[in-house]
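Encoded as structure tokens, the structure appears first; notes follow it.
Read-outs throughout are calculated quantities, based only on the coordinates presented, and are distinct from any laboratory measurement. Just so you know, these numbers come straight off a predicted model, no measurement behind them. With ideal geometry, Cβ positions are generated from the backbone for all residues, glycine too; neighbour counts draw on all protein chains shown.
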Amino acid sequence: MTIATTPTLATQVRADFPILNQDINGQSLIYFDNAATSQKPLSVINALEDYYQQVNSNVHRGAHSLSTKATEKFEGARDKVAQFINATSRNEIVFTRNATEAVNLVAYSWAINHLKPGDEILTSVMEHHSNLVPWQMVAQKTGAIIKHVGLTAEQTLDLEQYKSLLSEKTKLVALVHVSNTLGCINPVAEITKLAHEKGAKVLIDACQSVPHLPVDVQAINCDWLVASGHKMCAPTGIGFLYGKEDLLEAMPPFLGGGEMIGEVSLDSFTYAELPHKFEAGTPAIGEAIALGAAVDYLSNIGMAKIHAYEEELTAYLFQQLEPFENLNLYGPKPTSDGKGRAALATFNVENLHANDLAPLLDYEGVAIRSGHHCTQPLHTVLGVAGSARASLYFYNTREEIDRFVIALKSTIEFFQEMLE
Ligand SMILES: *Cc1c(COP(=O)(O)O)cnc(C)c1O
């Protein structure tokens, strides 16, 4: 047996997350639903509170000191996000409500205006509904055709099929970086390079990568990338679209109104410079500032360190689940040191409905997700109606995995006894 001599990352950061220190149904909470939303550290909660206690004012009006202060903090948050994902310019970061809105922005501003009947949109069977439904709406409006890349035997993205589906007809590739259900990590830089060789644009859904591993938009070289603040320690109501500056420059505004204009007369308008062109109306100012605080928090720890620690947790989680009989795990297996997939386990227990598992685990204080995780088409491909998912973040521990595994074992036994 090895005895840990250095404190884990989780023990160092745990006190930053007050919500984790509570009992649920008489048991200390184990929060394993991080792929749905992450918890928030005190520095983020305080940033939001400070904003409302000290700074609250509308941005970009500049008529008084508070407004100037709010604008500086709001635009400062944009700088932080730009640096965090290594954008070349702050103009490449557009604040949105969430990743879903960011995908829709590209769908309505770019795709609807660019795609013609017979053009092809290439996506995959593992996409979140947010990176699927907007393209279905675009296809209905434009006559474009959607093609879907399937899975390999290991339940990863089938890169060979991707290559075979790519053609001069492909105008857009819209793919997830890290699957929220399979946990696989798609080779987005290679995917982008191949798409660009055919002249297609590339949008990456980075909702499950930006919070967990270093993401560099220049290294990926994608045209757009979307993420949500609430999965990366920030509040809900704030997310962002990254887009290459020349491309965003060429795209028309998506929503019209205040903030996005230059000059307005009764029957015409000119629009503002980037990125304000895409930010109609008063934005989520406090939430954006808190997203900046979340980026600071994650950067102070270091994304490489977060990723490495999550790999340790992944290895341990899969080791502990291996002895289970009748447990079907989805997605690729991690290497023995936890590499090659995200720190989440999606599974089904034979003869048991996933929706029956989650409430019984909740009874033990363990919060996991059950259902289709907004990937219904993927579940159809997997041949199941739903699944259970335990998804981890850097504040989770091995001890929590141990307790989750014990609770899972007793839950399964409980159902087996009922069935007998
Ligand atoms: C959560 C998630 C989304 C959607 O995020 P919203 O915050 O609901 O807009 C999209 N894709 C993936 C992979 C996700 O995990």
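Assuming R0 = 35 Å, what is the FRET efficiency of T37 and H196, from their Cβ-Cβ distance, to the nearest 0.05?
0.60
Under 8 Å for C-alpha pairs, at least 6 residues apart: give me the relative contact order for the chain, rounded to a whole percent.
22 percent
Give, rounded to the nearest 20 debye, the magnitude of the charge dipole that region 84-133 has about its Cα centre when Lys and Arg contribute +1 at Cβ and Asp and Glu contribute -1 at Cβ.
Taking the Cα centre of region 84-133 as origin, the dipole is about 160 debye.
Rounded, prolate or oblate: which one fits the chain, using the alpha carbon gyration tensor with axes a ≥ b ≥ c (rounded when a/c is under 1.5, else prolate when a/b beats b/c, else oblate)?
Working: a/c = 2.03, a/b = 1.30, b/c = 1.56.
Oblate, since a/c reaches 1.5 and b/c is not below a/b.
Determine, for each peptide in 412-418, 135-141, 81-87, the mean count of other beta carbons within 10 angstrom over its residues, then list the peptides with the highest first.
With the highest mean Cβ count within 10 Å placed first, the list reads 81-87, 135-141, 412-418.
Find how many whole Å separate the alpha carbon centroid of region 345-417 from the alpha carbon centroid of region 213-256.
Here the two parts' Cα centres lie 31 Å apart.
Would you mind calculating the gained length between S89 and S65 on full extension (0.36 nm times residue separation, minus the Cα-Cα distance), in nm to one decimal?
6.0 nm
Once both labels are modelled 7 Å past Cα along the beta-carbon direction, what's the I261-A304 spacing in nm?
Going by the 7 Å Cα→Cβ label model, 4.9 nm.
Given only helices, namely DSSP H runs of n ≥ 4 each adding -39500 (n - 2.57), what is the per-residue ellipticity at 222 nm of the chain, to the nearest 500 deg cm²/dmol?
-11000 deg cm²/dmol
Ranked from highest to lowest mean number of other Cβ atoms within 10 Å per residue, what is the order of the peptides 335-347, 173-185?
Top to bottom by mean Cβ count within 10 Å: 173-185, 335-347.
Quick check: Cα centre of region 265-319 to Cα centre of region 24-50, how many Å?
Answer, in whole Å: 17.
Sort region 34-73 into rounded, prolate or oblate with this rule: let a ≥ b ≥ c be the square roots of the eigenvalues of the Cα gyration tensor; rounded if a/c is under 1.5, and if a/c is not under 1.5, prolate when a/b is larger than b/c, oblate otherwise. Each step should come with its number before you reach the end.
Details: a/c = 4.32, a/b = 2.42, b/c = 1.79.
The shape class here is prolate.
Could you pull out the pairs from K141/K163; K116/K201; K193/K339; K73/K244; K73/K305; K116/K169 whose alpha carbons sit more than 18 Å apart here? Kindly include the intermediate steps, with their values, before the conclusion.
Numbers: K141/K163 27 Å; K116/K201 15 Å; K193/K339 24 Å; K73/K244 24 Å; K73/K305 27 Å; K116/K169 10 Å.
K141/K163; K193/K339; K73/K244; K73/K305, as the Cα separations exceed 18 Å there.
What is the packing order of peptides 224-231, 153-160, taking the mean over residues of other C-beta atoms within 10 Å and listing the highest first?
Values: 224-231: 28.2, 153-160: 15.8.
In decreasing order of mean packing, 224-231, 153-160 become 224-231, 153-160.
Using only Cα atoms, locate the centre of region 60-119 and the centre of region 152-171, then give the distance between them in Å, rounded to an integer.
30 Å
Quick one: of the DSSP bridges fully inside region 45-300, what percent are antiparallel, nearest 5?
Just about 45 percent of them are antiparallel.
Considering only V173, A35, G365, whose Cα is most displaced toward the positive end of the charge dipole of the chain, charges sitting on Cβ of Lys, Arg (+1) and Asp, Glu (-1)?
Of the listed residues, the answer is V173.
Under unit Cβ charges (Lys, Arg +1; Asp, Glu -1), what dipole magnitude, rounded to 20 debye, does region 45-300 have relative to its Cα centre? It would help to have the intermediate numbers written out before the result.
Values: 19 positive and 29 negative charges, 59 e Å.
With Lys and Arg at +1 and Asp and Glu at -1, about 280 debye.
Angle, helix 303-321 long axis vs. longest principal axis of the chain, Cα atoms, 0 to 90°, nearest 10?
30 degrees
Quick check on region 262-377: take the gyration tensor over C-alpha atoms, sort the square-rooted eigenvalues as a ≥ b ≥ c, and tell me if it's rounded (a/c under 1.5), prolate or oblate.
prolate
Using only the alpha-carbon atoms, how far is helix 285-301 inclined from the longest principal axis of the chain? Give it as 0 to 90 degrees, nearest 10.
The helix 285-301 is inclined about 50 degrees to the chain.
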